[in-house]
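Comments concern the structure below.
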Amino acid sequence: TAGLLYNKAESQLLNTVVALTGNVFDAVTKEPVTAFVIVNDEQGNSVTKTRSNAFENGYYYVTGLRPGNKYTVILRKPKYFLEKYDIFIANSDKYEEISRDFLVKPLFEGAKIPFPVPPFELNKSKMRFGSEEILNDIKGTLINNEHVKVEIQCYPDNAENKKENKTLTTERCNSLLNYFITNGVDGTRLTIKPFETTDPDNPPPTKKKAKGKRYIGPSYIVVTEIN
């Protein structure tokens with residue numbers, strides 16, 4: 001009896017499928033986009049594919065994934081960086097839908113892609129705690145697109161002292177440069193551009209910010225060359 005119960009449970013697990021669904025957005029504009037969504041297994045074989053629908057908020061839906069397996073989701077769109085994300089499907093004997101949104105970064109010379117969250121504390125050049133998740137996403141994008149060269153740009157937190165600002169932003173650029181190189185990005189593809197004045201596209205607020213919220217100069221990667 002125990003063997004029959006085990007076989008039944010095992011059979012349920014083997015027959016269970018999982019769906020992955022969500023939306024795909026432009027990482028800069030946050031607008032929904034149409035992109036190819038390809039799912040590969042651990043051996044690199046294509047399991048399923050679809051296209052997100054820009055007219056339905058970038059919606060996509062893929063199924064046929066199996067519990068206990070690891071997959072790679074590949075996002076392709078002309079004039080955008082190729083993106084790859086690893087997904088692990090937990091063991092389950094029930095049908096599930098896993099929700100996961102994705103961002104794709106525009107790819108053309110001059111494309112300016114902001115770090116979604118400042119990787120530094122106020123007036124500091126050492127990367128703040130927890131910034132690795134953001135940096136890992138950009139690092140992955142750079143590694144998956146070896147034909148692209150980018151410039152790392154950093155802006156200061158205020159407009160008070162240009163000399164001090166230039167020193168700070170140079171150190172910030174170098175912190176990011178070193179992080180990417182240490183984590184597998186070819187340094188010949190990277191240049192830096194520190195600024196001594198605040199970002200004209202995202203300047204410090206003129207009104208006092210809410211308590212606990214402080215303006216920190218943004219950082220960007222800017223596409224300089226596509227080979």
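Tell me, which residue of the range 27-48 that is of a type in the set (A, V, I, L, M) and farther than 25 Å from residue 92 by Cα is most open to solvent (accessible area, probe 1.4 Å)? Only one residue fits best here, namely 28. Among the residues of the range 89-123, write down those that are closer than 14 Å to residue 27 by Cβ and of a type in the set (Lys, Arg). The answer is 105, 112.
Taking the criterion of being modelled with pLDDT under 95 and farther than 17 Å from residue 67 by Cα, the only residue of the range 24-44 that qualifies is 44.
Residues in the range 65-88 that are more than 29 Å from residue 28 (Cα to Cα), open to solvent by less than 20 Å² (accessible area, probe 1.4 Å) and either assigned to a loop (DSSP other than H, G, I, E, B) or modelled with pLDDT of 95 or more (or both): 67 alone. Within the range 185-192, is even one residue open to solvent by 20 Å² or more (accessible area, probe 1.4 Å) and part of a strand (DSSP E or B)? Yes, because at least one residue in the range 185-192 is open to solvent by 20 Å² or more (accessible area, probe 1.4 Å) and part of a strand (DSSP E or B). For residues that are in contact with a helix residue (DSSP H, G or I) (Cβ under 9 Å, 6 or more places away or on another chain) and assigned to a loop (DSSP other than H, G, I, E, B), scanning just the range 148-184, find the one that is farthest from residue 215 (Cα to Cα). Per the criteria, the residue is 184. Here is the figure for the range 49-62: residues that are surrounded by fewer than 18 Cβ atoms within 10 Å (Cβ to Cβ), in contact with a Ser or Thr (Cβ under 7 Å, 6 or more places away or on another chain) and assigned to a strand (DSSP E or B) total 4.
Within the range 98-115, can one find any residue that is open to solvent by 90 Å² or more (accessible area, probe 1.4 Å), outside any loop (DSSP other than H, G, I, E, B) and touching a residue at least 24 places away in the same chain (Cβ under 8 Å)? Yes - at least one qualifying residue is present in the range 98-115. Residues that are modelled with pLDDT under 95 and crowded, with 19+ Cβ neighbours inside 10 Å occur at least once in the range 10-19. Here residue 185 passes the criteria (1) more than 30 Å from residue 86 (Cα to Cα); (2) under 19 Å from the mean Cα position of the chain (by Cα) except the one numbered (1). Of all the residues in the range 117-131, those that are farther than 17 Å from residue 170 by Cβ and open to solvent by 90 Å² or more (accessible area, probe 1.4 Å) number 1.
The values are calculated or read from the model by the stated rules, or taken from the named source; none is laboratory data. Keep in mind the model is a prediction, meaning the values are calculated, not measured. A quick note on method: Cβ atoms are made from the backbone with ideal geometry, for glycine too, and the neighbour counts reach across all protein chains shown. To get the accessible areas, we keep the full protein, side chains included, count just its heavy atoms, and leave off ligands, DNA and RNA. Shrake-Rupley method; radii C 1.70, N 1.55, O 1.52, S 1.80 Å.
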